[in-house]
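A short worksheet on the structure shown next.
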Amino acid sequence: MTVEYREDASLTRSEDAILRRLLFSCFPHEPLFLVRRYLKERPAHRWLICDGKGEFVAHAAVHDKTAGSASGDIRIGGIAEVCVSAKYRGRGFARKMLTAVHAWLPAHGIPFAFLFGKPEIYSGYHLVENELRYEALWNPWRGQPMVKCLTGTPWPAGWIDLRGGAF
Ligand SMILES: CC(C)(COP(=O)(O)OP(=O)(O)OC[C@H]1O[C@@H](n2cnc3c(N)ncnc32)[C@H](O)[C@@H]1OP(=O)(O)O)[C@@H](O)C(=O)NCCC(=O)NCCS
């Protein structure tokens with residue numbers, strides 16, 4: 001099964017329903033997925049794995065964001081809603097999607113992958129220890145802020161402002 005990149009805007013109505021089914025099965029505490037495929041901000045980019053029978057079994061969203069920092073604006077790929085259908089977990093599907101995302105971001109001028117997640121799942125990321133400014137959304141399952149530097153550009157020191165909600 002291969003990882004497919006899709007612009008969010010290209011998803012059809014039926015793909016939207018299939019994706020929301022996957023999202024709600026993986027994040028059952030988020031009833032919003034019953035009606036739409038994002039929580040607060042619509043991500044521009046998605047990576048998907050399909051089972052070949054029309055069902056999405058793995059997904060990662062990416063927000064193309066410009067954050068403020070003490071040393072100027074930085075572009076970040078804000079990774080969100082990484083999930084794999086229960087039946088397909090433990091086979092490297094999440095890793096495979098993230099590898100594709102990590103190649104795509106610098107090729108599109110984005111030097112950092114940023115996410116809120118569980119450290120054990122995201123190897124190669126380091127915890128963000130900067131003062132972080134963002135609008136908190138209620139989500140007791142949101143993980144810790146982490147970043148992966150994808151080019152030679154170092155992660156800036158000092159405050160970081162995500163200019164909006166967490167994702
Ligand atoms: C978390 C999740 C996406 C992992 O998907 P997966 O395809 O089974 O993960 P992979 O097999 O690609 O493993 C990726 C890494 O995560 C680690 N990992 C996966 N599940 C884990 C778990 N339950 N506990 C600890 N580590 C785990 C793997 O050991 C691997 O580490 P490595 O790259 O250092 O070898 C999947 O379990 C899921 O959808 N969970 C529900 C939604 C969720 O919690 N999403 C993550 C939000 S931060």
**Report entry** Single unsatisfied condition, I121 versus (1) buried (at least 17 other Cβ atoms within 10 Å of the Cβ); (2) β-branched (V, I, T); (3) not in a strand (DSSP E or B)
**Finding:** (1)
Report summary line: When restricted to A113, A58, A67, the only residue under 17 Å from F27 (Cβ atoms) and surrounded by 14 or more Cβ atoms within 10 Å (Cβ to Cβ) is A58
Query raised in the report: In region 70-80, how many residues are out of contact with any Leu (no Cβ under 6 Å at 6 or more places or on another chain) and either surrounded by 15 or more Cβ atoms within 10 Å (Cβ to Cβ) or of a type in the set (D, E) (or both)?
Result: 6
Report summary line: Only one of G72, G143 is of a type in the set (G, A, S) and more than 12 Å from the ligand (Cβ to nearest atom), namely G72
Query raised in the report: Within the set of pairs 6+ apart or on separate chains, which have a first residue in region 145-167 that is over 15 Å from G68 (Cα atoms) and of a type in the set (F, W, Y), a second that is in a loop (DSSP other than H, G, I, E, B) and modelled with pLDDT under 95, and C-beta atoms under 9 Å apart?
Result: F167/L39; F167/K40; F167/E41; F167/L137
Requested in this report: Give the residue that is farthest from M1 (Cα to Cα), with candidates limited to residues of region 63-107 that are acidic (D, E) and part of a strand (DSSP E or B).
Outcome: D64
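The values are calculated or read from the model by the stated rules, or taken from the named source; none is laboratory data. The model shown is predicted, which means the values in this text are computed figures rather than measured ones. Positions of Cβ are generated from backbone atoms using ideal geometry, with glycine treated the same way; all protein chains shown enter the neighbour counts.
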